[in-house]
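The values are calculated or read from the model by the stated rules, or taken from the named source; none is laboratory data. In this text, all values refer to a predicted model and were calculated from it rather than measured experimentally. Glycine gets a Cβ as well: all are built from the backbone with ideal geometry, and neighbour counts include every protein chain shown. These area figures cover heavy atoms from the full protein model, side chains too; ligands, DNA and RNA do not enter into them. Shrake-Rupley method; radii C 1.70, N 1.55, O 1.52, S 1.80 Å.
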Amino acid sequence: MSDYQHILLAADFSKQGVYVAEKARAIATTYQAKLSILHVLDNIPMPDAYYGTVISLTEDSGDALLEAEKAKLMALGDQLNVDLADRLLLWGIPKQEIINVSEQQQVDLIVVGSHGRHGLALLLGSTANSILHTAKCDVLAVRLKEGDL
Ligand code: AMP
């Protein structure tokens, strides 16, 4: 098996996401791989932006909701010791943008939670399910159970 060189953590900032993030960091450490974090903004209306718009982490947007999401990404990036340039905030549809970034950045492993903010109603969350079906690289869906959510 070849080593992973670039791992993408899809972070939805849910409570159980910390567990998923630690898994991603452990794998990145094992393989001495680059670790990137991506959060896709899908709950903040941004009328002037098109899907896939990259949001700057260093410029103040003046929007409190957006600043709160940036702060969560910065905190997670600090926790996982990820370079500023590898902390990615995009506006769009999570399942699409996660795949787009993984292809553009030649990611060889995507790490997602089996479930996220939408709960455990499905056997596998819809984002995780879609990524498992469409990604061209390996995908790790970290199993989250009732007590984790
Ligand atoms: P879901 O399928 O929506 O329940 O979420 C499953 C997993 O997909 C989460 O644990 C995250 O790893 C990822 N994910 C969901 N929404 C987002 C998002 N907005 N940005 C980044 N990753 C996400």
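With respect to the stated conditions, Gly116 is within 14 Å of the ligand (Cβ to nearest atom) and buried (at least 19 other Cβ atoms within 10 Å of the Cβ). Of the residues making up the stretch 40-57, those that are loosely packed, with under 12 Cβ neighbours inside 10 Å and farther than 20 Å from Gly77 by Cα number 5.
Within the stretch 58-66, can one find any residue that is over 15 Å from the mean Cα position of the chain (by Cα), surrounded by fewer than 13 Cβ atoms within 10 Å (Cβ to Cβ) and part of a helix (DSSP H, G or I)?
Yes, there is a match, as at least one residue in the stretch 58-66 is over 15 Å from the mean Cα position of the chain (by Cα), surrounded by fewer than 13 Cβ atoms within 10 Å (Cβ to Cβ) and part of a helix (DSSP H, G or I).
For the stretch 75-110, a residue qualifies if it is under 13 Å from the mean Cα position of the chain (by Cα), assigned to a helix (DSSP H, G or I), hydrophobic (A, V, I, L, M, F, W, C) and farther than 14 Å from Ile7 by Cα, and exactly one does: Leu76.
Can you tell me which residue in the stretch 78-104 is least open to solvent (accessible area, probe 1.4 Å), limited to those that are among the charged types (D, E, K, R) and near the ligand (Cβ under 9 Å from one of its atoms)?
Ranking the candidates gives Glu97 first.
Screening Met46 with (1) within 16 Å of the ligand (Cβ to nearest atom); (2) assigned to a helix (DSSP H, G or I) gives one miss only, at (2).
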